[in-house]
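Everything on this sheet refers to the single structure shown next.
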Amino acid sequence: MVGLALREAAALLKAQDASPFRSLAYSRAAATIENLDEDIAAIATGGMEALDAIPNIGTGIGAAILELVSTGRWSQLDRLRGGLEPEATFRTIPGIGPKLAHLIHEHLNVDTLEALESAAYDGRLEKVPGIGARRLSIIRNALTEILSRRRAGRRYHQDQSMPPVDMLLDVDQEYRAKAEAGKLRQIAPRRFNPTGASWLPILHTERGLWHFTALYSNTARAHDLGRTNDWVIIFFSSDHQPEGQCTVVTETSGRNKGKRAVRGRENEQ
């Protein structure tokens, strides 16, 4: 299962014009896993440290393997397919039912458990309707338990390094310019796409050691507010760090009105 998922990701990245080195990294990891004497799921019980010891498996791919082994799904692969369903993922957390999972996704524009964890500690999650102090504590504890298994064997700090704001804004600019010019591959999202058409532009790009994937927000809130061609979701990772995400928007008020801003990092601009 893991090897096939990595090979599919490699093929999709290649088809979507990602860096050939990124696609090759997944292909090499898949070949390595398929030639192991021991099942990768058994090795993964040793956490990130055990996976790090395998050639061609860095932190980013290691995190993907742990997610696949522990949940049977890989959010990045779902996204590349156009079928990411974050609300289903959030419902696996105690204290989050269908209604609250929908509110979290629509209000925060987060798609992964790692991104939800960041929101749980930086003040954003508690602003979502239905999140009180007790529920916030339950969600934090559940996320810690689930994600600690993925990070076992490696020290992890909540304030993991992030790309500079200027770099994120540059990726945002590249995405919107290429999307408007029709220069990007388009995927067929499952949500709000009854005909199954390929219409959502997707960008894979690099800045130094950082890998980025950018897409317009395809949430109900973005559609309701008419911001589907404004809100840009950027996913970022490196060979030494699991994936994170942020949202870039056009500010509608305040000192940055009319300017592009990274949500949650406005004070850095």
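So here's what we get for this one:
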quantity: Residue match in segment 6-13 (condition: surrounded by fewer than 22 Cβ atoms within 10 Å (Cβ to Cβ), touching a helix residue (DSSP H, G or I) at 6+ places or on another chain (Cβ under 6 Å) and farther than 24 Å from Leu200 by Cα); calculated: no
quantity: Lone qualifier among Glu126, Glu114, Glu180, Glu174 - being of a type in the set (Asp, Glu), on the phi < 0 side of the Ramachandran plot and modelled with pLDDT under 90; calculated: Glu114
quantity: Residues of segment 117-139 classified as crowded, with 17+ Cβ neighbours inside 10 Å and more than 16 Å from Lys99 (Cα to Cα), total; calculated: 5
quantity: Spans of helices (runs of 4 or more DSSP H) in segment 1-90 with at least 1 residues under 25 Å from Pro189 (Cβ atoms) and of a type in the set (Gly, Ala, Ser); calculated: 2-15, 20-34, 59-71, 75-81, 86-90
quantity: Which numbered condition Asn229 fails, given (1) under 28 Å from Arg124 (Cα atoms); (2) part of a loop (DSSP other than H, G, I, E, B); (3) out of contact with any strand residue (DSSP E or B) (no Cβ under 8 Å at 6 or more places or on another chain); (4) not small (Gly, Ala, Ser); calculated: (3)
quantity: Qualifying positions in segment 239-258 - charged (D, E, K, R) and surrounded by 13 or more Cβ atoms within 10 Å (Cβ to Cβ); calculated: Asp239, Glu243, Glu251
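The values are calculated or read from the model by the stated rules, or taken from the named source; none is laboratory data. Just so it is clear, the structure is predicted and the values come from calculations on it, not from any experiment. Methodologically, a virtual Cβ is constructed for each residue, glycine included, from the backbone with ideal geometry; neighbour enumeration extends over all protein chains shown.
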